[in-house]
Amino acid sequence: MTAKKPKTAAPSANPVTPAKPAQKDRVVIFDTTLRDGEQCPGATMTLEEKLQVAEMLDEMGVDIIEAGFPIASQGDFEAVAEIARITKKAVVAGLARAINADIDRAGEAVRKAKRGRIHTFVSTSPIHLEHQMRKTEAEVLEIISATVKRARNLTDDVEWSAMDATRTPIAYLCQCVDAAIKAGATTINLPDTVGYSTPDEYRAMFRAVREKVPGSDKAIFSVHCHDDLGLAVANSLAGIEGGARQVECTINGLGERAGNAALEEIVMAIRTRSDVMPYVTGVDATQLTRASKLVSAVTSFPIQYNKAIVGRNAFAHESGIHQDGMLKNANTYEIMTPESVGVSKTSLVMGKHSGRNAFRSKLKDLGYELGENAFEDAFTRFKALADKKKHVYDEDLEALVDERIATASDRVKVIALLVVAGTMGPQSATLTLDIEGSHKTAQTTGNGPVDATFNAIKALIPHEAKLALYQVTAVTEGTDAQAEVSVRLEMNGRSVTSRAADPDTLVSSAKAYIGALNKLMQRDLMGKREAG
């Protein structure tokens, strides 16, 4: 009897060999919303607002919080010092120019931090050395060595940045990096300061510097990209491929000129495309939307509807083809889930019959956790809004709470507004304001109802501020939608922006204008304190 041969499996048409899981490198997230982000015109934050943002960043797992520029003003110093004191997990950094006084001030500001960092920088590109620094290459090398050593005597965590690194010749850039590492820098930042580089160039720069500088393995390399050509996120990811392991970024991409690389985009790109980017971060992505809304509220900078990750339309589908695909399988048109970034799928559940528990639960779903007084105030205003609107959408609640956050410490508030408008004219406005506890009323006319309203504000609060922006958008659809108004005022070289929402466009206009005035007055007070 012949023994049967054992059966062998037929060869697979697509044989797959189980791969060992790739080792994922840790990428450090360095958030500079409170420093570089605040340098965006009109984005100035109060101390209370900075503390709110810092607590949010610490809670969501940001590794390093650049809290400010301590030498810039007494207010900035106090903000950095207080953030250093209250931060529980993150490293707190203070920025300093390559000047002894700056470095000493930054060291003092972060002294009480559980983990403090001094971040010092100097220009290295020929155009900066010639026109801004007015120094030779040799002089700058001496400055780097001396100032990094001084910073290292104050803390064992020192970051050095080559301002305008991407327009610096590689040979000289390597000399500067070598000097910084030898002087004790533990992190080397090579920023694309003017948003000039491309991904291939940026990746190659990091590879060249790390290969050519002896001892480059003693420091962590960092990227810091601006978005002037819309390449900040792409360049940042390319820098990581080139060997950088720290990314400097901001919530919502806030920053000077066209802004910085957006933290939420960096985090979700790494998480979503882990197949081609074997890296991880320590950021809790489910808090990204909440952080985005908070920063938008305190800076009064609206988030564009089609903003990646956190924009209103990021998970919205209107096209019939897209909707059909979504109904069959969400993966057809969504590469990440709304829940993964803290977005609730529900958009219409609240009304005038909703109680406190439902309201509190809804706010939590939207990413808000309010203290009892703030919650009661928000609930009262929600009920008032629900009486005016048939349906209260998520966006309505977000606008309501964001306005409460932005106006909590305002010295002036809108009490009542009556406007007479129409074709007959003249249009008039009767406005009552609460000015530091005292009610004052004025009646004025204007070239239209908005002009009349703003004239009434000027009559009650005389000022020389120039209206640089007036923008109205609907928070939701429908004729009963709340109107969200953005107002930007400029005065004495300063620019501030404020937003407000109300079912009445003129009321939201008045609130937004008053909000901007409050910010200007607050900055005036801070300036007087510092001068005194």
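Would you please put 35-48, 257-270 in order of how densely packed they are, using the mean number of other Cβ atoms within 10 angstrom per residue and starting with the highest?
257-270, 35-48
Nearest 5 is fine: what % of DSSP beta bridges in the chain come out antiparallel, could you say? In the chain, approximately 50 percent of DSSP beta bridges are antiparallel ones.
When the pairs Lys88/Lys362; Lys135/Lys519; Lys112/Lys135 are compared against a 30 Å limit on Cα-Cα distance, Lys135/Lys519; Lys112/Lys135 fall above it. State the Cα centre-to-centre distance between segment 28-84 and segment 241-317 in whole Å. Between the Cα centre of segment 28-84 and that of segment 241-317, the gap is 17 Å. Rounded to the nearest Hz, the phi-derived 3J(HN,Hα) couplings of segment 191-203 under the Karplus curve 6.51 cos²θ - 1.76 cosθ + 1.60 (θ = phi - 60°) are x, 8, 4, 10, x, 9, 7, 10, x, 4, 5, 5, 4, where x marks glycine and proline. At an R0 of 35 angstrom, the distance between the Cβ atoms of Arg494 and Ser438 translates into a FRET efficiency of 0.85. With θ taken as phi - 60° and the Karplus curve 6.51 cos²θ - 1.76 cosθ + 1.60 applied, the whole-hertz 3J(HN,Hα) list for segment 171-185 is 4, 6, 4, 4, 4, 5, 5, 4, 5, 5, 5, 5, 7, x, 5 Hz, x standing for glycine and proline.
Fully extended, how many nm does the chain gain between Thr479 and Arg85 (0.36 nm per residue separation, minus their Cα-Cα distance)?
Extra length from Thr479 to Arg85 when fully extended: 137.0 nm.
For Gln427, the residues whose modelled amide H falls within less than 5 Å of its own, excluding neighbours fewer than 5 places apart on the same chain, are Gly446, Gly448. Based on C-alpha pairs under 8 angstrom that are at least 6 apart in sequence, the chain has a relative contact order of 10 percent. For Val28, the amide hydrogen comes within under 5 Å of the amide hydrogens of Gln246, Val247, counting only partners 5 or more places away or on other chains and with H modelled in the peptide plane. Label-to-label distance, His131 versus Ala374, with points set 7 angstrom from Cα along the beta-carbon direction: 4.4 nm. When the helices of the chain are scored as -39500 (n - 2.57) per DSSP H run of n ≥ 4 and the total is divided over every residue, the value at 222 nm lands at -12000 deg cm²/dmol.
In sequence order, segment 235-242 has phi-based couplings of 5, 4, 5, 5, x, 5, 4, x Hz under the Karplus curve 6.51 cos²θ - 1.76 cosθ + 1.60, θ = phi - 60°, and Gly or Pro positions carry x. One chain, two ends: Lys458 and Asn306. Fully extended at 0.36 nm per residue, the span grows by 51.1 nm beyond their Cα-Cα distance. Mind giving me the FRET efficiency for Ala101 and Thr423? R0 is 56 Å, r the Cβ-Cβ distance, nearest 0.05 is fine. For R0 = 56 Å, the calculated efficiency reads 0.35.
Here Tyr470, Tyr172 are placed in order of increasing Cβ neighbour count within 10 Å, fewest first, which gives Tyr470, Tyr172. Given R₀ = 25 Å, what would the calculated FRET efficiency be for Ala468 paired with Ala72, taking r from the Cβ atoms and rounding to 0.05? Computed FRET efficiency for Ala468 and Ala72 comes out at 0.60.
Only the coordinates and a few stated rules stand behind these numbers; no lab work does. As the structure is a prediction and not an experimental result, all values here were calculated from the model. Virtual Cβ from ideal backbone geometry, glycine too; neighbours counted across all protein chains shown.
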